[in-house]
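Report on the following structure.
The values are calculated or read from the model by the stated rules, or taken from the named source; none is laboratory data. Just so we're clear, the structure is a prediction, and the values are computed from it rather than from any experiment. A quick note on method: Cβ atoms are made from the backbone with ideal geometry, for glycine too, and the neighbour counts reach across all protein chains shown. Each accessible area value is taken on the protein alone, full model and side chains, heavy atoms only, with ligands, DNA and RNA left out. Shrake-Rupley method; radii C 1.70, N 1.55, O 1.52, S 1.80 Å.
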Amino acid sequence: MNESQQDYDLLIIGGGINGAGIAADAAGRGLKVLLCEKSDLASGTSWASTKLIHGGLRYLENYEFRLVRKSLQEREILTAAAPHLIRPLAIQIPQLPHSRNAMLLRAGLFLYDNLARRKLYKSSSSIRFAPDNPLNPAIRHGFQYWDGAADDTRLVVVNALQAARHGASVMTRTECVNLEAGPDGWRATLQGKQRITVNSRAVVNAAGPWVNKILGRTSREQAVLPMRLVKGSHIVVPRLYEGEQAYLLQHVDGRVIFVIPYLNKFTLIGTTEEEFSGDLDQVKISTAEISYLIAMINLYFRKSVLHSEVVNSFAGVRPLIEEEGESATRVSRDYWLDLESMPQPLLTIYGGKLTTYRLLAEEAVDMLATIFPALRPAWTRQAKLPGGDFDIVENLFQEMVQRHAWLGAELIGRWLRSYGTLSYDILQSATSLAELGQHFGHNLYQQEVDYLCQQEWARVAEDILWRRSKLGYFFSAAETATLSRYLQQTQQSV
Ligand SMILES: Cc1cc2nc3c(=O)[nH]c(=O)nc-3n(C[C@H](O)[C@H](O)[C@H](O)COP(=O)(O)OP(=O)(O)OC[C@H]3O[C@@H](n4cnc5c(N)ncnc54)[C@H](O)[C@@H]3O)c2cc1C
């Protein structure tokens with residue numbers, strides 16, 4: 001066995017949005033950070049979200065005003081920090097006879113508009129649906145409000161990049177298999193290609209739904225907080241309607257389903273809610289969940305969807321804090337940070353939302369100030385995320401079209417939406433498509449693949465096609481195999 005040993009201030013276990021966000025915050029405050037992820041970045045819950053940076057209109061029904069307010073504040077902060085990855089999305093709420101009372105909805109939307117200061121998001125309104133709209137003709141009126149549509153996996157990656165820019169080490173495909181308390185901190189065994197041991201003054205357990213599994217691997221006595229694992233699934237179908245608006249559909253069971261235009265050619269539909277007790281590494285949508293989502297579409301839209309039209313599906317598990325007697329829908333989506341100082345400092349992250357990751361990270365690192373007295377002040381509230389150092393994506397698009405028209409509008413559009421100004425790191429000095437190297441299909445060139453491997457920790461085709469980009473929706477099996485062969489060859493030659 002090849003064992004080596006290194007020392008860190010902070011070991012963070014889990015490269016989802018919360019782990020990556022904490023790594024960025026802590027590294028920027030001067031700590032020597034190691035982020036380890038057993039699979040790829042964003043391969044857990046963070047890749048299976050509805051992709052909304054939202055206040056959570058529905059949480060107002062549960063009187064979670066504090067959570068909604070802070071989420072709305074974060075919506076503004078994150079949209080300014082990563083305008084390439086998060087954009088305002090109009091969401092329409094069609095009203096059917098079983099829907100929530102219109103007066104109550106109007107009051108809820110008024111609160112939603114006013115709970116936090118808004119700069120980047122418009123206010124809500126009542127709407128009448130035009131006769132040519134895509135909804136069932138019985139639906140005449142409803143409401144419209146605004147939230148953020150995000151690229152969830154890239155949000156995780158840019159946080160890991162931010163951490164690395166501040167000196168953090170990021171190790172993917174590296175599992176923390178053991179944690180032992182020593183006299184000056186923790187001794188962690190990490191299993192990647194090699195098995196290594198690292199010493200860390202403190203540890204953050206940001207393993208999402210695996211959080212209690214990590215606690216089971218530590219020498220500690222405190223009881224774990226009971227978790228409620230709730231599976232949520234989505235389906236993707238060919239584009240259901242023209243227009244950029246999303247819909248929030250109300251089910252007779254009280255749940256809400258989002259219908260969101262996705263990648264120009266598709267519509268994303270979700271989510272369900274099912275108690276989960278299976279293998280966390282094998283989370284899949286069930287046929288019953290697909291039927292549930294399709295039934296909602298067929299109730300609300302003119303165009304109906306068949307099971308055979310589902311082009312993709314994905315499912316994730318929400319790690320919620322158990323609230324006895326509450327239904328899955330009503331259990332809070334807020335987070336809880338638990339810092340134990342004995343036998344050594346261990347901070348465990350329970351719950352949370354994509355939307356609140358930055359604030360969660362800031363609070364988590366603030367809590368560590370007792371252990372690291374020289375910690376620098378919080379800094380992420382005003383900081384741009386990598387690639388987000390511009391104001392208006394359309395201006396960036398025009399600039400790139402003028403300077404590099406040979407890239408073509410489609411490629412420029414995809415790059416800017418995924419990478420923002422990091423697109424220039426991919427482009428480097430290339431002046432023609434031929435100079436971008438091997439073409440793998442669908443405008444994916446060697447220079448982008450090399451950038452993703454060298455700068456963004458991509459290793460296998462899936463990392464590139466599903467988490468660094470969404471080109472997986474367009475790649476054939478043969479194209480994926482060619483990309484995999486290229487990756488194997490380049491990794492052998494490193
Ligand atoms: C269906 C669904 C829809 C959602 N939609 C939204 C939404 O629209 N907006 C929103 O704000 N929130 C949403 N959420 C919530 C949000 O997705 C989660 O709160 C968030 O992604 C949790 O991130 P995390 O980093 O805590 O966990 P994860 O993303 O699960 O990350 C934990 C990581 O830890 C790794 N890990 C586990 N064990 C180890 C180990 N021993 N060593 C190393 N690594 C390990 C895992 O591989 C994983 O990558 C949704 C959640 C679900 C399930």
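Could you sort 98-106, 315-323, 30-38, 190-198 so that the peptide with the highest average Cβ count within 10 Å comes first and the rest follow in order?
Top to bottom by mean Cβ count within 10 Å: 30-38, 315-323, 190-198, 98-106.
Over the chain, what per residue volume does the convex hull of the Cα atoms give, in whole Å³?
154 Å³
Would you calculate, for the chain, the mean residue ellipticity at 222 nm contributed by helices, counting each DSSP H stretch of 4 or more residues as -39,500 (n - 2.57) and dividing by all residues, to the nearest 500?
So the helix-based figure for the chain works out to -9000 deg cm²/dmol.
Given contacts defined as C-alpha pairs under 8 Å and at least six residues apart, what's the relative contact order of the chain, whole-number percent?
20 percent
Using only Cα atoms, locate the centre of the range 219-277 and the centre of the range 97-148, then give the distance between them in Å, rounded to an integer.
That distance is 20 Å.
How do the peptides 384-396, 255-267, 146-158 rank, highest first, by the average count of neighbouring beta carbon atoms within 10 Å per residue?
The densest-packed peptide leads the list: 146-158, 255-267, 384-396.
Which whole-angstrom value gives the distance between the alpha carbon centres of the range 51-71 and the range 345-398?
Cα centres, the range 51-71 to the range 345-398: 19 Å.
What do the square roots of 5 times the Cα gyration tensor eigenvalues come to for the range 63-155, in whole Å, largest first, as semi-axes of the equivalent ellipsoid?
26, 17, 11
Report the rotationally averaged projected area of the range 302-428 based on its alpha-carbon convex hull, in square nanometres.
Computing the convex hull of the Cα atoms and averaging its projections yields 15.3 nm².
By its C-alpha gyration tensor, with a ≥ b ≥ c as the square roots of the eigenvalues, how is the range 393-493 shaped: rounded for a/c under 1.5, else prolate for a/b larger than b/c, else oblate?
prolate
Rolling a 1.4 angstrom probe over the protein heavy atoms, how many square angstrom per residue are accessible across the chain?
Averaged over the residues of the chain, the accessible area is 42 Å².
Would you mind checking Lys231/Lys353; Lys122/Lys303; Lys231/Lys284; Lys193/Lys470 for any pair whose Cα atoms are more than 19 angstrom apart?
Lys122/Lys303; Lys193/Lys470
Roughly speaking, to the nearest percent, how much of the chain's 1.4 Å accessible area is carbon and sulfur?
Summing carbon and sulfur atoms, their accessible area is 52 percent of the total for the chain.
Hey, what did the range 393-493 get for relative contact order, percent, Cα under 8 Å, at least 6 apart?
18 percent
Hey, rough spin-label estimate for Tyr473 and Ala130, points 7 angstrom out along Cα→Cβ, what's it come to in nanometres?
About 2.4 nm, to one decimal.
As a test, work out the antiparallel percent of DSSP beta bridges whose residues both lie in the chain, rounded to the nearest 5.
Rounded to the nearest five, the antiparallel share is 75 percent.
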